Structure formats: C-alpha cells, structure tokens
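Notes for the one structure printed next.
The values are calculated or read from the model by the stated rules, or taken from the named source; none is laboratory data. These numbers come from a predicted model, not from an experiment. No Cβ is skipped: glycine too gets one built from the backbone with ideal geometry, and neighbour counts run over all protein chains shown.
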C-alpha cells in the first residue's frame, strides 16, 4: 500500500480484516505520520530532508460535514460540529489507524522509488504477475521486495502551496477555479482584504493562484510499461476508475473527483479485494479497455472537458452501488447522498455561512 492517508489506511484496514485470505499489508508512508493530505504542515516546498511537502491542506479547509465524510463503519465523535477543522479529521484518521491495528504495518519516512511488474512462476503453477517494489529510508538505504498486489493511494493535489490567508492581506489575488477549494480560498482571502472580482473586470494581479483540480504524479511508476497514460488531471485506461486492464493486481484508490471521499475509498477497496480474492471476475483486458474507451467517449460527447473526465459528482452513487453489487458488500446508505446534495445546495446559496450548519443522521434514510 503506497500512502498512509485516508485511502491507504482504508486499504490496510480491510486487508487486516481478512487474515485468512491476505497476508498483513506493508504500508509505505513518505512522512512521519498518518493522514496524508489531512496532515497539515505550514511548510511548503520541501521538508528539512529535502523531500517535497506532500500535503495540500490549507489551515481552514473543511467543506464536507463529518456525517457524509466518515468511513461507513467508523463514525466521528458525535459531539463535534459537522464541519471540522483539519485537526479533527487528522485525529479521526489516527483513531481509525489505532482501532484497526494498522500502525505496526506502516513504514514511516519511506519513499517508494519504483514499482515494477515482474513475472514469477511457482513450482507447478502458471506464470503470474507480481510487483517488485523498491523503497528508501531517510538515510537513502534502499530495499527491494516482491508483492502480489499494489494499492496506489497517494496523489499530489491542487492549491498545493496555499496554507492561510494572512500573507495575502491587502493584495489583489486572482483565484483560477471556482469549485470547493477555490471558493473556500477566495472567501478566506476576502476576509483579510484581498480583492475579489466577479464582474469580469481586469486588473494587474499581485498573486495568481491556481485552484484548478488534482494533479497526479506517480514518479515510481513507468506509465508506458503499465499501458497507461498519466497526465496532470487524468489516468487512463482504468477499469472502474481503479484497474489498469493490462495489470489487474494494481489498483489506484481515490483518484475520482467531487465525491464523498472516505465512503468512496471504502467501496473501491472492498471491490479491489474481492478481485484479488477471486469473488469478482474481471473481463478480459480487451473488454476492459473497450468499456473504458466507450465510457470516456460518452462523456466527451456530452461536452465534458478532458480534464474533468474523473469527476463523478452525481454519478458517484451509481458507481458505488455498482461496486457493492459486484463485490457483495453493503451499499452506501441513501442518507449519505441526500445530505451530500443538501450541503452542495447550501454551499451554492450561502458560500460564506454554510459551514455554520450542523447535521445529525437519524437513520439510513433520514437526517436532520
């Protein structure tokens, strides 16, 4: 498992829950703590070690309520408000890690240098693909190991070098991008006197800030070798947004956009493990590639820009239901969708105040 953020912890938790089927996981984590992008660090650029700061967390980020953000089987503290500071999400992930006994399986301060497919043959068995993973610790000492499967649970995100608004006080800041983070950052900047323009007027800007979506970067992978094309905003072909058709024991977890992240990770991981356990049989490589091609073509014909092809938004519900039907696990309760859509509407109507609302789940179908 590459990365000990929310997606990586979810993968490790479900592997550990099936000891009769899987060996304990090895989780490679670049930093010295769990949480991934939720591990806030005011530094940008590089750590003292020279490695890049991986978190894109800005100080006041919180744009989904905990009621739809949580892993389905692991609620947040009900005493907390719905919209949490990053510290509470970080604490939640640390509790998740502790509760499921994941920490002993994490190698902190470890960089994955390369992940390569290799062909192995056990006596009396057919050839199969395994994965040669080379990692290095802080001293630069390298280690190469072989695994049956790899879960890639790490990305580089957007707004990456923004942390808080005060350094921009009084400056004119042009924010490119009006999705959740761009809107959040614009509101923060306005509170310290940075200028906002909504009427199309032109000015000479002091700062140009890009909030234009996820950028993917996997320096440890050879995309061509894997039959993949990896661009800033797109990875293709991936069957079910996870599986390279040429290598169905490699899984990308959490690359979709505009989703309920933790519930989505939970569904993807369970589907991936069902594939590895043999309870889900994938189509042939050609069939998977053809299905991905057709799905992307339908989106392009609908006018979806290439850089937005990984946005699920309203499609996320049927996507998660499809994964649960295929793999035989419990679907997401309908209340998650209902509340997600309510918050989206409130964000559009009251972008500066929607986070003052508090919600409570009453049942699988109702909230208040």
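Need a quick list: strands (runs of 3 or more DSSP E) entirely within the range 76-162 having at least 1 residues that are in contact with a helix residue (DSSP H, G or I) (Cβ under 6 Å, 6 or more places away or on another chain).
Result: 150-152.
Go through the residues of the range 340-354 one by one and say whether even a single one is under 23 Å from residue 255 (Cα atoms), surrounded by 13 or more Cβ atoms within 10 Å (Cβ to Cβ) and without any contact (Cβ under 8 Å) to a residue 60 or more places away in the chain.
Yes, some residue in the range 340-354 is under 23 Å from residue 255 (Cα atoms), surrounded by 13 or more Cβ atoms within 10 Å (Cβ to Cβ) and without any contact (Cβ under 8 Å) to a residue 60 or more places away in the chain.
Output the residues belonging to the range 235-268 that are under 12 Å from the mean Cα position of the chain (by Cα) and assigned to a helix (DSSP H, G or I).
261, 262, 263, 264, 265, 266, 268
Among what's in the range 305-324 and is free of Cβ contacts under 8 Å to residues at least 40 places away in the same chain and closer than 17 Å to residue 364 by Cβ, pick the residue that is surrounded by the most Cβ atoms within 10 Å (Cβ to Cβ).
317
Of all residues being at pLDDT 80 or above and out of contact with any helix residue (DSSP H, G or I) (no Cβ under 9 Å at 6 or more places or on another chain) in the range 31-50, which is farthest from residue 3 (Cα to Cα)? Just the residue, please.
This residue is 32.
Out of everything in the range 21-30 that is at pLDDT 95 or above and out of contact with any helix residue (DSSP H, G or I) (no Cβ under 6 Å at 6 or more places or on another chain), what residue ends up being farthest from residue 220 (Cα to Cα)?
Out of the qualifying residues, it is 23.
Which ones in the range 258-294 are touching a strand residue (DSSP E or B) at 6+ places or on another chain (Cβ under 6 Å) and farther than 19 Å from residue 244 by Cβ?
258, 262, 266
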